[in-house]
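What follows is calculated from the coordinates using simple rules that are stated; it is not laboratory data. Note that the coordinates shown come from a computational prediction; the quantities given were computed from them, not determined experimentally. Quick reminder, even Gly has a Cβ in these numbers, built from the backbone with ideal geometry, and neighbours come from all protein chains shown.
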Amino acid sequence: MSTEHHVAHDAGGHELEHAHPGPRTYTIIGVILAVITLIEVWAYNQAFLRPALVPILLSLSAVKFATVVGFYMHLRFDNPLFLAVFGFGLAVAGSVITAFMFLFGQYPQPPHG
Amino acid sequence: MAHAPVVVDVAASPPLEALGAPPPPLVLEHPHTSTGLDSRKLLMWAFLASDCMFFGMLIATYMVYKNRSLDGPLPRETFDVPYTSVSAFVLLLSSLTMVLALAAIQHGHERRMRVWLSATALLGCVFLGGQFYEFTTFYKDGLTLSRNLFGSTFFTLTGFHGTHVFIGVFWLLSLVAQSVRGRLHQEHSLWVEIAGLYWHFVDIVWILIFTLVYLIPD
């Protein structure tokens with residue numbers, strides 16, 4: 001037997017647990033994303049950053065990813081169930097990539113013996 | 001200006017008409033579900049989760065085979081990073097216009113929504129045009145789907161991403177057409193939100209591809 005659960009909406013049909021950001025916030029986030037992309041391209045062209053380039057690029061990419069998912073896709077404001085569903089798929093994908101990299105020798109192997 | 005909707009506990013509140021107050025703008029857009037959430041939105045998130053696994057496999061395959069091609073062309077001598085950076089900017093900008101379209105329809109501005117949706121579709125087309133040019137250039141340089149491991153994995157990964165963008169453009173244009181016909185109003189903003197989720201997902205996949213495929217050296 002299902003329990004009856006009413007969800008209040010505004011005129012746009014959106015659940016009112018947390019209001020979404022407005023155009024001003026979206027634009028500021030867009031500028032931040034563009035700046036991060038510029039930093040990525042700049043870092044790519046700097047010879048002195050070569051030894052630390054991979055962690056730098058991965059970190060910047062993760063920040064961009066989380067910002068888009070959190071603000072533009074509203075996971076920061078929406079019901080946690082959406083985050084759980086998407087997070088599961090993301091975790092599986094990340095695990096597969098990591099496992100493949102170890103299995104096929106793209107990461108340094110531990111010494112035998 | 002911040003959107004300030006009225007929160008109404010439908011189950012607990014007495015009828016407002018009985019108190020002499022006008023009813024709030026309340027729309028129960030979706031039928032009651034066990035989660036209390038709209039199943040269409042939950043379904044889209046489930047699809048995006050599965051698409052994560054799909055692209056995860058493609059990216060993993062690319063990464064594994066990255067340095068195993070026996071002959072060229074190889075990534076280092078093929079990629080034009082400044083050119084691809086512009087494509088990355090275009091797709092990021094399209095995410096902004098997409099979310100502005102959603103904000104517009106949520107506030108009841110239908111014409112503004114059509115403008116932003118059209119801009120998003122246009123930026124998607126620019127990205128696709130850029131990808132077509134890039135593929136053509138690579139082909140002329142001798143890199144084909146069957147040339148080497150790099151060609152096979154690169155074209156499969158970016159080709160599937162391009163296909164997602166193409167479907168997204170078609171979806172956005174269909175929303176614009178629905179709006180022009182007067183079938184997409186404020187109370188249907190969930191359709192725009194779901195299309196937006198798909199479009200932003202395409203953007204975040206490109207964020208990963210841009211870094212893992214183009215920027216990280218061999």
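Would you mind checking segment B:43-74 for residues with the amide N under 13 Å from a putative spin-label position 7 Å along Cα→C-beta of A:Ser95? Zone members listed by number: B:53. Enclosing the Cα atoms of chain B in their convex hull gives a volume equal to 148 cubic angstrom per residue.
In chain B, which longest range has no trypsin sites (Lys or Arg not before Pro) that are both DSSP loop (not H, G, I, E or B) and surrounded by at most 12 other Cβ atoms within 10 Å? Don't jump to the answer; show the numbers that get you there.
Details: sites that count: B:Arg181, B:Arg183.
Counting at most 12 other Cβ atoms within 10 Å as exposed, the longest clean stretch of chain B is B:1-180.
Compute the signed sum of charges (Lys and Arg +1, Asp and Glu -1) over the other residues within less than 10 Å, Cβ to Cβ, of B:Thr153.
Net local charge, B:Thr153 excluded: +2.
Principal axis analysis of the Cα atoms in segment B:82-157 yields extents of 52, 17, 17 Å, listed in decreasing size. Could you tell me the distance between the Cα centroids of segment B:62-101 and segment B:160-194, to the nearest Å? Here the answer is 26 Å between Cα centres. Backbone geometry of segment A:87-93 corresponds, through the Karplus equation with coefficients 6.51, -1.76 and 1.60 at θ = phi - 60°, to 3J(HN,Hα) couplings of x, 4, x, 5, 5, 4, 4 Hz, x marking Gly and Pro. Taking θ as phi - 60° and the Karplus parameters 6.51, -1.76 and 1.60, the scalar couplings of segment B:189-197 work out to 5, 4, 5, 5, 5, 5, 4, x, 4 Hz in sequence order, x denoting glycine and proline.
What angle do you read, to the nearest 10 degrees and between 0 and 90, between the alpha-carbon axis of helix B:81-106 and the longest principal axis of chain B? Relative to chain B, helix B:81-106 is tipped by roughly 10 degrees. Taking label points 7 Å from Cα along the Cα-to-Cβ direction, A:Phe102 and A:Ala47 give a separation of 3.7 nm. Here the mean projected area of the convex hull built on the C-alpha positions of segment B:26-122 is 9.7 nm².
With an 8 Å Cα cut-off and a minimum separation of 6 or more residues, compute the relative contact order for chain B in percent. Can you show the working numbers first?
Values: 180 pairs, mean separation 61.8, N = 218.
Here the relative contact order equals 28 percent.
3J(HN,Hα) along segment A:48-57: 6, 8, 3, x, 10, 5, 4, x, 5, 5 Hz, from the Karplus curve 6.51 cos²θ - 1.76 cosθ + 1.60 with θ = phi - 60°, whole Hz, x for Gly and Pro.
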